[in-house]
1. Is the C-alpha gyration tensor of segment 192-296 telling us rounded, prolate or oblate? Criteria: a/c under 1.5 is rounded; beyond that, a/b larger than b/c is prolate, otherwise oblate.
2. Given the -39500 (n - 2.57) contribution per DSSP H run of 4+ residues, what per-residue ellipticity at 222 nm results for the chain, rounded to the nearest 500 deg cm²/dmol?
3. Taking 7 Å along the Cα-to-C-beta vector as the label spot, tell me the Ala91-Asp151 distance in nanometres, rounded to one decimal.
4. Checking the table Lys35/Lys354; Lys224/Lys337; Lys224/Lys324 against a 23 Å threshold on Cα-Cα, which pairs fail?
5. Share of antiparallel DSSP beta bridges in segment 200-357, in percent to the nearest 5?
6. Could you work out how far helix 190-202 tilts from the main Cα principal axis of the chain, as a 0 to 90 degree angle to the nearest 10?
7. Report the full-extension gain for the segment Gln344 to Lys172: residue separation times 0.36 nm, less the Cα-Cα distance, to one decimal in nm.
8. As a test, work out the antiparallel percent of DSSP beta bridges whose residues both lie in the chain, rounded to the nearest 5.
Amino acid sequence: MKKFLTVALALTVSAAGAQTVRVGMAYDAGGKADKSFNQSAYEGSQKAVKQLGVQAKDFEPSDPSQIIQGVRSFAKEGFDLTIGVGFSNNASISQVAKENPDLAFGLVDDVSPVKNVASLVFNEEQGSYLVGYLAALNSSTGVVGFMGGMDVPLIHKFQAGYEAGVKAANPKAKIISQYVGTTPDAWNNPAKAKEIAASMRGRGADIVFAAAGGSGNGLIDYIKQTQCLKASQLPAGVKFTSNNFAKVPKSAAYQAACKGDTRPMMFIGVDSNQNYLGDFDKNPATMNHGLTSMTKRVDNAVYALIQDVKNDKFKGGEHRFGLKDGGIAYAMDEYNKALIPSSQIMKVEAIKAKIISGAIKVPSK
């Protein structure tokens, strides 16, 4: 039975009245509430609504084939700026931009050849290197995981940087890498991510970095359920070699579930700062299960692009963001400050400086 096209355009209107800049946001699979990549873009648009007085409409397709229709509807209505969130929107944004050379378009995570498209791209491998370094410093088993969403070159950048960072901190570390899938559904399949997390834990991984959009919530949910690794369950050839979090206060629930010789399971968040999602007992004073997050400031990039349009300073072409300009970072806050000591931060900051200077070349594939 054919799916009927349902185009839900949720209108967010500022109080500035008519004649304001109008922005259309076409989201990727997972939607604007994925707590990750899409949500970061959404938050950037909402900041522009509040601070710049623009109007924003959201288009969330129920099927990828609907994207071009949503993008085209914004153009037909004469929107000042239409942003496609995600590399899978490249074809749609490029096609509609060609049809409407007098309108401005934005594309997140890929480069369009069309002149009136501003392509917002990031050096994800740089931040992934830093969180990989932290993962290796803190792993109790020397086994860490990388979980990708859709098996595409963009996520290969995350994987390459992460693996290089892990090896820089611990050349003997073992890295288990696996992808959720090969279709856009891979961004929104937490059940599959849970299965992968269980497999990685079974092989001794105690820290897992997920660059998987909404699917990453499956990893977090799995860690919430299991909380720790037990020495008696470690596979052959894997043993505990450190206990970095021994002095961090634990919740009563953790202590009850993880008696004896155990070590905590942790995730590394992606895109948005997801550290708070590891605060399972809603008490930042006790141990958090989010070691850190590789933040990709899609929100700032989207806001800056909207601001350029409002100020008549729009420029097409590639707009690149990395460690140097704060477009990429690793997250430190109240939730993980007890997990990562200042001595580790000093090491990571020194490496960050070397990446920015070019002394360390981070692989992207």
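1. oblate
2. My calculation for the chain gives -11000 deg cm²/dmol from helical runs alone.
3. It works out to 2.0 nm between the two label points.
4. Among Lys35/Lys354; Lys224/Lys337; Lys224/Lys324, the Cα-Cα distance tops 23 Å for Lys35/Lys354; Lys224/Lys324.
5. Around 45 percent of the beta bridges assigned by DSSP in segment 200-357 are antiparallel ones.
6. That works out to roughly 20 degrees.
7. Residue separation times 0.36 nm, minus the Cα-Cα distance, leaves 60.0 nm.
8. Antiparallel bridges make up about 20 percent of those DSSP assigns within the chain.
Where a number appears in this text, it was derived from the coordinates with a stated rule and is not lab data. Small disclaimer: the values here were computed from a predicted structure and weren't measured. So basically every Cβ, Gly included, is an ideal-geometry build from the backbone, and we count neighbours across all protein chains shown.
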